[in-house]
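Throughout, read-outs are computed from the coordinates displayed, never taken from laboratory work. These figures come from a predicted structure and were not determined experimentally. Virtual Cβ from ideal backbone geometry, glycine too; neighbours counted across all protein chains shown.
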Amino acid sequence: MSYAVLLSQTDEPAKVIQCTGDVLKECYRLIGCDTVQLVPGYPDRLPKGYEALCDENTWGKSLFINPLASWIYGADDHGAGIMGNAVVLKVILTEDGDEDLAFMTEEEATALAEELNRDFETKYDLVVFTVMVSLMQ
């Protein structure tokens with residue numbers, strides 16, 4: 001079985017999601033978009049070997065701030081949040097030596113979700129407070 005970690009745009013912690021089929025199509029489905037982009041993460045906020053993806057085009061959509069994806073992005077420092085769902089995948093090397101994204105094992109996804117959920121309430125509060133304050137300025 002193949003798995004990813006879903007970072008919801010609500011106040012839910014990270015959760016392990018079973019995935020089937022093409023990686024990119026699953027990301028489109030889970031995020032609810034047509035085009036994805038990498039979330040540029042702050043150092044040490046997402047373990048090495050993993051990348052988060054979010055919706056590239058959120059303009060005009062009814063989306064909410066994603067607390068965990070925003071924390072990975074450093075919103076608690078600069079005030080700009082990530083909107084909508086995000087998915088975390090594993091980085092692998094292809095036969096050509098290039099990097100690609102892939103699903104994880106259940107054990108990898110569970111361990112990653114647990115790590116991201118550590119101090120979830122604190123991360124949530126820091127991100128929401130900082131983003132809200134930056135929007136009021």
Practice item. Among the residues of region 38-80, write down those that are surrounded by fewer than 17 Cβ atoms within 10 Å (Cβ to Cβ), farther than 24 Å from Leu93 by Cβ and touching a Cys at 6+ places or on another chain (Cβ under 9 Å). Key: Glu56, Asn57, Thr58, Lys61
Review point. What is the residue count in region 81-104 for residues that are at positive phi and surrounded by 12 or more Cβ atoms within 10 Å (Cβ to Cβ)?
Key: 1
Practice item. Could you tell me which residue of region 105-119 is surrounded by the fewest Cβ atoms within 10 Å (Cβ to Cβ), considering only residues that are closer than 19 Å to Ile72 by Cα and in contact (Cβ under 8 Å) with a residue 24 or more places away in the chain? Key: Glu115
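Residues are listed down the side, and each one gets a yes or a no for (1) closer than 21 Å to Leu38 by Cα; (2) in contact with a Leu (Cβ under 9 Å, 6 or more places away or on another chain); (3) acidic (Asp, Glu):
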site	(1), (2), (3)
Ala86	yes, yes, no
Thr94	yes, no, no
Asp100	yes, yes, yes
Glu106	no, no, yes
Leu116	yes, yes, no
Asp119	no, no, yes
Thr122	no, no, no
Met132	no, no, no
Met136	no, no, no
